[in-house]
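**Student:** Please see the structure below; I have some questions.
The values are calculated or read from the model by the stated rules, or taken from the named source; none is laboratory data. Since we're looking at a predicted model, the values are computed, not measured. Neighbour counts run over all protein chains shown; Cβ positions are idealised from the backbone, glycine included. Just so you know, the surface numbers come from the protein's heavy atoms only, side chains and all, with ligands and any DNA or RNA stripped out. Shrake-Rupley method; radii C 1.70, N 1.55, O 1.52, S 1.80 Å.
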Amino acid sequence: MEFAHVSVLLKECIDWLVTDPDGIYVDCTLGGAGHSSAIIARLSDKGQLIGIDQDDDALATAKERLKDAQCRVDIIRSNFKELKNVLHKLDIEKVTGILFDLGVSSYQLDTPERGFSYMHEGPLDMRMNQEGSLTADAIVNTYSETELAGLIWRYGEERWAKRIAQFIVAERKKKPLHTTGELVEVIKKAIPKGARKDGPHPAKRTFQALRIEVNDELNILDQVVEDAVNALRPGGRIGVITFQSLEDRIVKQKLAQMARGCICPPHMPCVCGRKPLIGKPGSLVPGDLEVTTNPRARSARLRFAEKL
């Protein structure tokens, strides 16, 4: 299956990010190279693109799609939490722009054997890094009822988290749950019929919670946004596309914190000496036309800022 993924807010991202055709740009979530292809189209032969991803299918596709670039291209198999180390190994101190496109790709969702989707029958996997040791199967079949309820509530904001956890534990006592379809059936039984009538698919929030736990998606965000801003040269720009409220809140708060100057009480002279690292952050959401042509863009938001 071809790595198909429609890049969200593509023009807005690239218009914001690419300010210097000779600059160095990092795509921290390379995927199928949708955003990266648009970045290299604006770079000269002096420019450089660094693409980071941990998904083997994405890396293979990106290498093929970027092979004719006139600028320098470095494709690195890594988790974006290693951004500092990646730049250090490439002997790069400061970059011109950094982009994150968070969440799961359309390709990953639409490939049943990856186990990300509640719409396709597949194994309970959900690893973005296929060499990772933790799978959704292990979580569903070994976490205690309390642990399951906690993570479904924390990462899925699922009001029926306790009940879903109870039903999972009762079901796995009969036999382990190994497929997405088996888990979806348990979730449907757990959520009362009346509550299933409206809103998103009943399994959406639980699957989101499992995916976040498998890939440790939220715990690394705060630090990597800070690392990214620190890696920018003055005038360099960061863009982060989020798809759900939990990750968006972390990014929003981190950028706001880095845009703050003095944190002394207002009536006191400044003794903290703190200076803002970035200008006032902005945000954008997709227009109606983009949402109509790509429904998965509906929940997307681009947060952006410029290094001072």
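**Student:** For segment 130-186, name all the residues that are among the hydroxyl-bearing types (Ser, Thr, Tyr) and under 27 Å from Gln54 (Cβ atoms). Spell out the reasoning first.
**Tutor:** Initially, segment 130-186 is screened for residues among the hydroxyl-bearing types (Ser, Thr, Tyr), giving 133, 135, 142-144, 146, 155, 179-180.
Ser133, Thr135, Thr142, Tyr143, Tyr155, Thr179, Thr180 - these are the residues of segment 130-186 that are among the hydroxyl-bearing types (Ser, Thr, Tyr) and under 27 Å from Gln54 (Cβ atoms).
**Student:** Filtering segment 226-278 down to residues that are among the basic types (Lys, Arg) and assigned to a strand (DSSP E or B), which residue is least open to solvent (accessible area, probe 1.4 Å)?
**Tutor:** Applying the filter and picking the extreme gives Arg237.
**Student:** Give Gly103, Gly97 a once-over and let me know the one that is outside any loop (DSSP other than H, G, I, E, B), crowded, with 20+ Cβ neighbours inside 10 Å and either of a type outside the set (A, V, I, L, M, F, W, C) or on the phi > 0 side of the Ramachandran plot (or both).
**Tutor:** Gly97
**Student:** Out of Leu210, Leu218, I need the residue that is closer than 20 Å to His120 by Cβ and not aromatic (Phe, Trp, Tyr). Which one?
**Tutor:** Selected residue: Leu210, the only one of Leu210, Leu218 that is closer than 20 Å to His120 by Cβ and not aromatic (Phe, Trp, Tyr).
**Student:** Please count how many residues of segment 106-133 are assigned to a loop (DSSP other than H, G, I, E, B) and either open to solvent by 10 Å² or more (accessible area, probe 1.4 Å) or at pLDDT 95 or above (or both).
**Tutor:** Going through segment 106-133 one residue at a time, the tally reaches 18.
**Student:** Could I ask something else about it? On the basis of being surrounded by 21 or more Cβ atoms within 10 Å (Cβ to Cβ), modelled with pLDDT of 95 or more and either under 18 Å from the mean Cα position of the chain (by Cα) or within 18 Å of Gly236 (Cα to Cα) (or both), does Ile39 make the cut?
**Tutor:** Criteria met by Ile39.
**Student:** Right, another one. Looking at segment 268-283, I want the residues that are farther than 23 Å from Gly239 by Cβ and have a partner that is assigned to a loop (DSSP other than H, G, I, E, B) and open to solvent by 50 Å² or more (accessible area, probe 1.4 Å) with Cβ atoms under 6 Å, at least 6 apart or on another chain. Which pairs are those?
**Tutor:** Correct list of pairs: Cys270/Cys262; Cys272/Cys262; Cys272/Ile263; Arg274/Cys262; Arg274/Ile263.
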